[in-house]
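Computed from the coordinates by the stated procedures, all read-outs in this text should not be read as laboratory data. Keep in mind that what you see is a predicted model, and the values were worked out from it rather than measured. Cβ placement follows ideal geometry from the backbone for every residue including glycine, while neighbour counts extend to all protein chains displayed.
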Amino acid sequence: MKKKKIHSLRFEISALFIGTMVGTFLMCLVVNLFFMEKFYIQNKREAIIAAYRSISQAIGSGDITSEEFDVEIYHICERYNIEMIVLDADSKTLKTSSNNAELLAKVLWDNMISSATGMASNMSDRTIIDYGDDYTLQITVDKGTGRQYLEMWGIVGNGNLVLVRTTMESIRDNVSISNTFMVYVALIAIVVGSVLILYICKKVTDPIKRLYYISDDMKKLNFEAKYVPENEYRNEIDVLGQNMNELSETLESNIKELKNANIALKRDIARKEEIDTMRKEFLSNVSHELKTPIALIQGYAEGLKEGINDDEESRNFYCEVIMDEASKMNIMVKKLLTLNQLEFGNESANMERFDIVDMVSNYLKSASMLAKQKDVTVKFGDYPPIFVWGDEFKIEEVLQNYYSNAINHIDGEKVIEVKITTTEDNHVRVSVFNTGEPIPEDSIDHIWEKFYKVDKARTREYGGSGVGLSIVKAIMEGMHQKYGVINYDNGVEFYFELETK
């Protein structure tokens, strides 16, 4: 499955804020371009009207010559770049804010004449915006200079003529300057703001980015990555990171438990399969090994029943064969049951400390009659007490199997030598050597298997079951100790080892 490309959250947030900021400045610039001039004109119009009303009120109240009025009208004219002139009924100048009072008086009389006669002015073109009983508000264009003015003139009080005007060029200049300044401010603000936005977005998105990498590691079942807050002040992202740390630890713990349970389950399944295999093998081997003695018992029993031989000696012989085969079957079944219990793990070793020299010596004394019957010489040296760790009963069974195996396979000089030697790794080795033919090399790896017989005819002759060495293997592996066999030119040596500490 193709992995989808991941877009940077920092880039998206930064682009969103920067786009919003640029859009806001562009909108402001458009508003300035289309509406600021109208706003300025409206503002100038209100200022001119206010100045005109102040002059009219001052004339009406007789305060036009006072200092207070001078200060007030001066501030208005200075603030809004207004020119004004007031003439009395005799055309004398009462107040003016311009150094060229004659020009303003001429403009005022030109407006009066043009308004009274209805004829076009020689000085300027006029566009009336508003008018009333005592005023006219208009835009004029000076024919000589081409300048535009916003003018308000009229007759107030007792025939006083008033003219208030301001140039339109100042309005356009102010609008142009304002727009230009705004463009520079916008560019600087966009650059500085973009840097700040990128920095702030990095501070905000870096923890989220770390959480993303941690979640990606968690997805890959890597729980080593942990979220660490950058400062001591905890916010929602830090709490989320802490929750992810706890979630990671919980998942790791649960996965470990599941893996352990899975391993145990697999081990149990394998053990069950092994037990089933061992059970099938056990039944197959038992049926195979019991087939011959059962056939012999059945044959000789049928012979007795049919009375093939009537003499006492033949009947006794038949009975002895039946008894001998039954005894062999009994011994083999007992050994098979012992081996089965060992392999199934039903018998655990009872570890204790005992004198191995005393145990070997006592066993050899009890088995001396068997050696005398077969004219075998048993050699065992004089050893001081040596204490070892093991299950004494099972170790004696190992020794018994080695010894009986040596008796049954002895040949030549008919010598069995039992030795006890100590090793450098705090172990004791007990070995049983018998003279005779060495074990064939192709059979030496199989002698520990159940029912494996090197010489089947000879094994049948002395009644061997083929499970003795398998019992040795099960006992020694159950105690995790070494065992084995060594071939010599004149015989074979079987050994096992036990710990002394």
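Listing for the model above:
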{"read-out": "Nearest-0.05 FRET efficiency for Ser178 and Leu26, computed from C-beta distance (R0 22 Å)", "value": "0.90"}
{"read-out": "Segment 1-107: proportion of alpha-carbon pairs further apart than 22 angstrom, %", "value": "56"}
{"read-out": "Segment 81-92 - phi-based ³J(HN,Hα) in whole Hz, Karplus 6.51/-1.76/1.60, Gly and Pro as x", "value": "6, 10, 10, 8, 8, 10, 10, 8, 5, 9, 6, 8"}
{"read-out": "Net +/- balance of residues flanking Ile237 in space, Cβ distance below 12 Å, scoring K and R +1, D and E -1", "value": "0"}
{"read-out": "Computed over segment 9-176, Cα set: Rg, Dmax in Å", "value": "20.8, 80"}
{"read-out": "Loop-located GluC sites (Glu not before Pro) in segment 355-458 whose Cβ has at most 15 other Cβ within 10 Å (DSSP)", "value": "Glu413, Glu424, Glu441, Glu449"}
{"read-out": "Between helix 37-61 and the chain: long-axis angle, C-alpha atoms, 0 to 90°, nearest 10", "value": "40"}
{"read-out": "Leu196, Leu247, Leu399 arranged by Cβ crowding within 10 Å, fewest neighbours leading", "value": "Leu196, Leu247, Leu399"}
{"read-out": "Ratio of the Cα radius of gyration of the chain to 2.2 N^0.38 Å, where N counts its residues", "value": "2.66"}
{"read-out": "Burial ranking of peptide ranges 366-372, 216-222, 354-360 (average Cβ count within 10 Å, highest at the top)", "value": "354-360, 366-372, 216-222"}
{"read-out": "Rel. contact order, % - alpha carbon contacts under 8 angstrom, at least six apart, segment 9-176", "value": "23"}
{"read-out": "Using alpha carbons only: equivalent-ellipsoid semi-axes of segment 348-499, gyration tensor based, whole Å", "value": "24, 18, 14"}
{"read-out": "Value of D in µm² per second that Stokes-Einstein yields for segment 71-122, Kirkwood Rh from Cα pairs, at 37 °C (0.692 mPa s)", "value": "270"}
{"read-out": "Rotationally averaged projected area of segment 59-158 (alpha carbon convex hull; nm²)", "value": "6.9"}
{"read-out": "Distant-in-sequence amide H partners of Leu94 (H built 1.01 Å from N, under 5 Å)", "value": "Val86, Leu87, Asp88"}
{"read-out": "Under-5 Å amide H pairs with Ile416, H placed in peptide plane, nonlocal only", "value": "Thr377, Val378, Lys379"}
{"read-out": "Proxy reagent accessibility, fewest Cβ within 10 Å first, across Tyr212, Tyr40", "value": "Tyr212, Tyr40"}
{"read-out": "Neighbour-limited loop hits for trypsin sites (Lys or Arg not before Pro), segment 30-135 (at most 16 other Cβ within 10 Å; DSSP other than H, G, I, E, B)", "value": "Lys92"}
{"read-out": "Most to least packed among 24-37, 141-154 [average Cβ atoms within 10 Å]", "value": "141-154, 24-37"}
{"read-out": "Placed amide H near Gly491: partners under 5 Å, 5+ positions off or other chain", "value": "Gly436"}
{"read-out": "Helix-only [θ]222 nm of the chain, DSSP H runs n ≥ 4, -39500 (n - 2.57) each, per residue, nearest 500", "value": "-20000 deg cm²/dmol"}
{"read-out": "Backbone HN-Hα couplings from phi across segment 252-261 [Karplus 6.51/-1.76/1.60, Hz, Gly and Pro as x]", "value": "4, 5, 5, 5, 4, 4, 5, 5, 5, 5"}
{"read-out": "Length gained when the stretch Asn99-Cys319 is fully extended (0.36 nm per residue, less Cα-Cα span)", "value": "62.8 nm"}
{"read-out": "Cβ-Cβ FRET estimate between Lys414 and Asn260, R0 fixed at 51 Å, reported to 0.05", "value": "0.35"}
{"read-out": "Sorted by Cβ density within 10 Å, fewest first, the residues Tyr402, Tyr227", "value": "Tyr227, Tyr402"}
{"read-out": "Gain upon complete extension [Glu424, Lys482; 0.36 nm per residue less C-alpha separation]", "value": "19.4 nm"}
{"read-out": "Across Lys414/Lys473; Lys219/Lys256; Lys374/Lys482; Lys92/Lys143, pairs whose alpha-carbon gap is larger than 23 Å", "value": "Lys414/Lys473; Lys374/Lys482; Lys92/Lys143"}
